[in-house]
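J.: What follows is a single structure, and I will ask about it in a moment.
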Amino acid sequence: MFPYPSGAGLHVGHPLGYTATDVLARFKRMQGYNVLHPMGWDAFGLPAEQYAIETGTHPKLTTLRNINRFRSQLKSLGFSYDWDREISTIEPEYYKWTQWIFLQLLKRGLAYQAEVPVNWCPALGTVLANEEVVDGVSERGGHPVIRKPMRQWMLKITAYADRLLEDLDELDWPESIKEMQRNWIGRSEGAEVEFCVLDSDGMETDMKITVYTTRPDTIFGATYLVVAPEYTLLSSIVSTEQRESVEGYQDIASRKSDLERTELLKEKTGVFSGCYAKNPTSGEPIPIWVADYVLGSYGTGAIMAVPAHDARDHEFASKFNIPIKWVVTPNNGSCVESGKAYSGEGIIVNSSNLKVGLDINGLSSKEAAYKVIEWAEKVGKGKKKVNYKLRDWLFARQRYWGEPIPVIFLEDSGESLPVLESELPLTLPELDDFTPSGTGEPPLSKAVSWIKTIDPSSGKPATRETNTMPQWAGSCWYYLRFMDPKNSNELVDKAKEKYWSPVDVYVGGAEHAVLHLLYSRFWHKVLYDIGVVSTKEPFKCVINQGIILGEVQYTACKDTYENYISADSADVLGEYLQEIIPEERVVKSGEFFVLKDNPNIRLIARAHKMSKSRGNVVNPDDVVSEYGADSLRLYEMFMGPFRDSKTWNTSGIEGVHRFLGRTWRLIVGSPLHHGAFRDGTLVTDEEPTTEQLRALHKCIAKVTEETEGTRFNTGISAMMEFINAAYKWDKQPKAIIEAFVLLLSPYAPHMAEELWSRLGHPDSIAYKAFPKADPAYLKESTVVLPVQINGKTRGTIQVEKGCSEEDAFTLASQDEKLSKYLNGKPIKKRIFVPGKILNVILDRQNVKAGSIQ
């Protein structure tokens, strides 16, 4: 996944994924594949705009400076990117095609405008996605966020919900990522049912509240309704007495994000509307409540609450003393825990009303649900319905630093029209003032001469759209542009797209599980439908690398008198102070870390995600300067399984640095007296021994298998084992060493290139064939043979397969441990099973007592 070029540059956590893909790219090239391994920049975004507001520096200047720094850092690590294909989402030649895709969405009715409640941040002057709001404030800057309705561009991703769901099954992705997407799409089958609103006299009105439920079998247990604070009919429903309370509650709810409102563990809040509705099945009047745990954007914005059979509804009903009516009993007849809801299926009870012609008592939940839907459709009270949690994609931002949306509005009618494709790219105007207007009008509204335009078709005056696209837009399709980055006539050449698609391996963090990956899949499917791409899915295999955490931080607890207290007893005190302890004052004791000078004081040992605010960021430039790029690459791959989170330890890099040093000295020799190394190498032209060939081919097989499976740490271990074995040889045959250098090349390319040159090769190692293991050398030629004396195992010997009884006995007699039992002892007989066991039976009559222990 291409990076956002932040001002901070890379830290050592970033190269983890880049190193992995580079190892794979180099490995696959050497196996004879054509490899497309590019790099680019996801360069639009809020941080650059905020920096521009604070400093007056144009965001393009900041972004280009950041890109230059990122590029130099990546190049220092020896990544084999095709820099001729470098792209940046901020370049008009690139975003011309982002705008073109938007126009295709618009043509097909997949882009539209709607009045929607959004997360509006006055300080940032923009709409934020739900994921960008934490505890009612913006994730960036901690500014207050409110909910308010605004006219926004939306993309109809919901039209592709079923396809996005179904096609997940074909993908080689982590199951956890696929499950997150399934949950985000949230397909459910149920029913829409109408509840008639009652007037103050309890009589039915013309007003209806439609609810969506996945459990129509429980409808007789619906003892109240809940509508969202932003429910469209709420102002018509609420009573005069309750209006002030309801409006106050709406104001509070407007400051919360959807994620906060639906948090299962939060305490439920709500307010009575002062009005009732009629349960269409039981005929009973039930209260209508307003609560923020119901969202206006999901379903109909109203739910029927069945507190006996839904934990959330039960908690709410218990808090506000609303009746709880049981209508489902477990299939096995077991008792339900007191004070808790039973949310499972079972047998229906208390669910009959012959006046309306519905009796579902005694039916299973599935049968009852089917019968309720059938009844509702027959009497005109509802219908079967498939619903999705997935919402249409809010596609407008009140920012300057983003792609302009290629739409104009006629001044006389307000009609929206697409910009002609021939006029793309619609470029950003130059602005000096990027500050938010504070009114919701985007910064582009200040570019007066840019806004005013003429509709080329009618000649009428028009104005341009002043919202810009979100940062996600440019990253939705960038992988396609890598295939054909210089094409000015089409997004991607069909033949090139067909050759390269889909992306074989896509590596990135799990935090992109939903938004980026889901949006990319949506756009790709649209492009597939219009014939731009030849595959249904963009990414064949997705791999999530683990996070590299900062170095372990040790913290001691203190009481209010500043005396050290052990971490395991600190919670008893309630409040306590904390002090960071340097590593030299810490020692490990069993499973825990303690103070070196007071082992009774247990410490808190914790590694945190690297961040500037924690001061635990490690700059890769410093590591490269001290240890070299190959050491950093090797360490990041050796720290642990690629997909797992791991803790950075600068002292740990010394281990792989020593391995590279040993490899160099094995092949080149130790430095001469003046510190420099001799020219050439120490290798010989002698034929390798069988032992050497076995060691090499075992290493080839392991490194190939582990690299293919992205188990890089165990591939490196195999190379370390080989070097250990090679140090025991008297001579290093060139054929063996050259093959090993080829194995090392994808992991440590700088050293491998130098060694390859010293071995007499004038051209690069990068395109040489990766060695293949010869199966003949992978078979074990020796076995471990247990040796028994009088039926008791006394030791083992290493013998060749097919070893004779006489040879096995000779080896046993020469073994240091076994010889004391055999030498000079009379033997009655020998029992030998080839490859399995040698049992020597001594003649006890001729053995002195006590000689056999």
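J.: So how many residues does the stretch 597-637 have that are open to solvent by 70 Å² or more (accessible area, probe 1.4 Å) and part of a helix (DSSP H, G or I)?
T.: Result for the stretch 597-637: 3.
J.: Output the residues belonging to the stretch 690-711 that are surrounded by fewer than 21 Cβ atoms within 10 Å (Cβ to Cβ) and aliphatic (A, V, I, L, M).
T.: Hits for the stretch 690-711 are 693, 701.
J.: Let me ask something additional. Filter the stretch 368-378 down to the residues that are in contact with a strand residue (DSSP E or B) (Cβ under 8 Å, 6 or more places away or on another chain) and either surrounded by fewer than 20 Cβ atoms within 10 Å (Cβ to Cβ) or in a strand (DSSP E or B) (or both) and list them by number.
T.: Hits for the stretch 368-378 are 371, 377.
J.: Out of all the residues in the stretch 1-44, which are in a loop (DSSP other than H, G, I, E, B), closer than 22 Å to residue 623 by Cβ and small (Gly, Ala, Ser)?
T.: Once the filter is applied, which keeps residues that are in a loop (DSSP other than H, G, I, E, B), closer than 22 Å to residue 623 by Cβ and small (Gly, Ala, Ser), the stretch 1-44 yields 6, 7, 8, 9, 13.
J.: Another question, then. Give me the residue from the stretch 32-71 that is within 30 Å of residue 437 (Cβ to Cβ) and β-branched (Val, Ile, Thr) and, out of that set, most open to solvent (accessible area, probe 1.4 Å).
T.: Filtering first and then ranking leaves 55.
J.: Which residues, counting only those in the stretch 640-677, are closer than 20 Å to residue 607 by Cα and in a loop (DSSP other than H, G, I, E, B)?
T.: Within the stretch 640-677, 640, 641, 642, 643, 644, 645, 648, 649 qualify.
J.: Looking at the stretch 654-689, which of its residues are hydrophobic (A, V, I, L, M, F, W, C) and surrounded by 13 or more Cβ atoms within 10 Å (Cβ to Cβ)?
T.: Looking only at the stretch 654-689, we keep the residues that are hydrophobic (A, V, I, L, M, F, W, C), and these are 656, 659-660, 664, 666-668, 672, 676-677, 682-683.
Once the filter is applied, which keeps residues that are hydrophobic (A, V, I, L, M, F, W, C) and surrounded by 13 or more Cβ atoms within 10 Å (Cβ to Cβ), the stretch 654-689 yields 656, 659, 660, 664, 666, 667, 668, 677, 682, 683.
J.: Next question, about the same structure. Being under 12 Å from residue 103 (Cα atoms), hydrophobic (A, V, I, L, M, F, W, C) and touching a residue at least 60 places away in the same chain (Cβ under 8 Å) is the filter here, so list the residues in the stretch 398-425 that pass it.
T.: 405, 407, 419, 424, listed by residue number.
J.: Okay, moving on. Among the residues of the stretch 770-794, which ones are assigned to a helix (DSSP H, G or I) and either surrounded by 11 or more Cβ atoms within 10 Å (Cβ to Cβ) or of a type in the set (A, V, I, L, M) (or both)?
T.: Initially, the stretch 770-794 is screened for residues assigned to a helix (DSSP H, G or I), giving 775-777.
776, 777, listed by residue number.
J.: Could you list, ordered by first residue, the pairs with Cβ atoms under 8 Å in which the first is in the stretch 95-112 and assigned by the TED database to the domain that holds residue 154 and the second is among the hydrophobic types (A, V, I, L, M, F, W, C) and open to solvent by 20 Å² or more (accessible area, probe 1.4 Å), at least 6 apart or interchain?
T.: Sorted first by the residue in the stretch 95-112, then by its partner, the pairs are 104/530; 108/530; 110/159.
J.: Kindly indicate whether any position in the stretch 493-504 is under 30 Å from residue 179 (Cα atoms), of a type in the set (Lys, Arg) and in the same structural domain as residue 88 (by the TED database).
T.: yes
J.: Now a separate question. Answer with yes or no whether residue 472 is assigned by the TED database to the domain that holds residue 540, of a type in the set (A, V, I, L, M, F, W, C) and either farther than 26 Å from residue 112 by Cα or at pLDDT 95 or above (or both). So that I can check it myself, show each step before the final result.
T.: Details: assigned by the TED database to the domain that holds residue 540: yes; of a type in the set (A, V, I, L, M, F, W, C): yes; either farther than 26 Å from residue 112 by Cα or at pLDDT 95 or above (or both): no.
No; evaluated as a whole, the condition is false for this residue.
J.: Give all pairs with beta carbons closer than 7 Å in which a residue from the stretch 777-796 that is of a type in the set (Gly, Ala, Ser) meets a residue that is assigned to a strand (DSSP E or B); count only pairs at least 6 apart in sequence or on separate chains.
T.: Matching pairs, first to second residue: 781/800; 791/839; 795/787.
J.: So, one more: Suppose we filter 577, 549 for residues that are open to solvent by less than 60 Å² (accessible area, probe 1.4 Å) and not charged (D, E, K, R); which single one remains?
T.: Criteria check complete, one pass: 549.
J.: I need the helices (runs of 4 or more DSSP H) fully contained in the stretch 210-324, keeping only those with at least 3 residues that are of a type outside the set (A, V, I, L, M) and either at positive phi or surrounded by fewer than 19 Cβ atoms within 10 Å (Cβ to Cβ) (or both).
T.: It comes to 243-253, 311-320.
J.: Just the residues that are open to solvent by 30 Å² or more (accessible area, probe 1.4 Å) and within 22 Å of residue 378 (Cβ to Cβ), please, taken from the stretch 178-203.
T.: 189, 192, 194
J.: Kindly indicate the residue of the stretch 451-465 that is open to solvent by less than 20 Å² (accessible area, probe 1.4 Å) and part of a loop (DSSP other than H, G, I, E, B) and also nearest to residue 132 (Cα to Cα) among those meeting that condition.
T.: Once the filter is applied, the top-ranked residue is 465.
J.: Picking from 841, 797, which residue would you name as being in a strand (DSSP E or B) and farther than 29 Å from residue 718 by Cβ?
T.: Answer to the check: 841.
J.: Going by the conditions given, is residue 563 more than 30 Å from residue 168 (Cα to Cα), touching a residue at least 60 places away in the same chain (Cβ under 8 Å), out of contact with any strand residue (DSSP E or B) (no Cβ under 9 Å at 6 or more places or on another chain) and of a type in the set (S, T, N, Q)?
T.: For residue 563, the condition - more than 30 Å from residue 168 (Cα to Cα), touching a residue at least 60 places away in the same chain (Cβ under 8 Å), out of contact with any strand residue (DSSP E or B) (no Cβ under 9 Å at 6 or more places or on another chain) and of a type in the set (S, T, N, Q) - is not met.
J.: Continuing with this model, one more query. Criterion first (polar (S, T, N, Q), loosely packed, with under 14 Cβ neighbours inside 10 Å and more than 30 Å from residue 27 (Cβ to Cβ)) does residue 823 satisfy it?
T.: Taking the combined requirement at face value, the residue satisfies it.
J.: Within the stretch 4-31, which residues are under 19 Å from residue 642 (Cβ atoms), open to solvent by less than 10 Å² (accessible area, probe 1.4 Å) and in contact with a strand residue (DSSP E or B) (Cβ under 7 Å, 6 or more places away or on another chain)?
T.: Selection gives 12, 16, 17, 20.
J.: If I go through the stretch 137-173 residue by residue, how many of them are open to solvent by 40 Å² or more (accessible area, probe 1.4 Å) and under 20 Å from the mean Cα position of the chain (by Cα)?
T.: Adding up the residues that qualify gives 4.
J.: Would you tally the residues in the stretch 743-759 being small (Gly, Ala, Ser) and touching a residue at least 40 places away in the same chain (Cβ under 8 Å)?
T.: 2
J.: While we're here: If you take just the helices (runs of 4 or more DSSP H) that sit entirely in the stretch 482-575, which of them hold at least 1 residues that are touching a helix residue (DSSP H, G or I) at 6+ places or on another chain (Cβ under 8 Å) and at pLDDT 95 or above?
T.: Because the criterion is at least 1 residues that are touching a helix residue (DSSP H, G or I) at 6+ places or on another chain (Cβ under 8 Å) and at pLDDT 95 or above, the helices (runs of 4 or more DSSP H) in the stretch 482-575 that meet it are 494-500, 515-529.
J.: Let me ask you something else. So residue 77 fits all but one of (1) farther than 23 Å from residue 474 by Cα; (2) without any contact (Cβ under 8 Å) to a residue 40 or more places away in the chain; (3) not polar (S, T, N, Q); what number is the exception?
T.: Condition not satisfied by residue 77: (2).
J.: May I ask you to list pairs of residues, at least six apart or on different chains, whose Cβ atoms are under 8 Å apart, with the first in the stretch 623-646 being not assigned by the TED database to the domain that holds residue 707 and acidic (Asp, Glu) and the second being open to solvent by less than 30 Å² (accessible area, probe 1.4 Å) and assigned to a loop (DSSP other than H, G, I, E, B)?
T.: Going by the 8 Å Cβ cut-off, the qualifying pairs are 630/78; 630/747; 630/748; 636/12; 644/546.
J.: From the list 363, 394, which residue is over 40 Å from the mean Cα position of the chain (by Cα), among the aliphatic types (A, V, I, L, M) and either open to solvent by 50 Å² or more (accessible area, probe 1.4 Å) or more than 12 Å from residue 216 (Cα to Cα) (or both)?
T.: After ruling out the rest, the residue left standing is 363.
The values are calculated or read from the model by the stated rules, or taken from the named source; none is laboratory data. Predicted model, so just to flag it, every value in this text is computed and none were measured. When we count neighbours, we look across all protein chains shown, and the Cβ atoms used for this are built from the backbone with ideal geometry, even at glycine. Just so you know, the surface numbers come from the protein's heavy atoms only, side chains and all, with ligands and any DNA or RNA stripped out. Shrake-Rupley method; radii C 1.70, N 1.55, O 1.52, S 1.80 Å.
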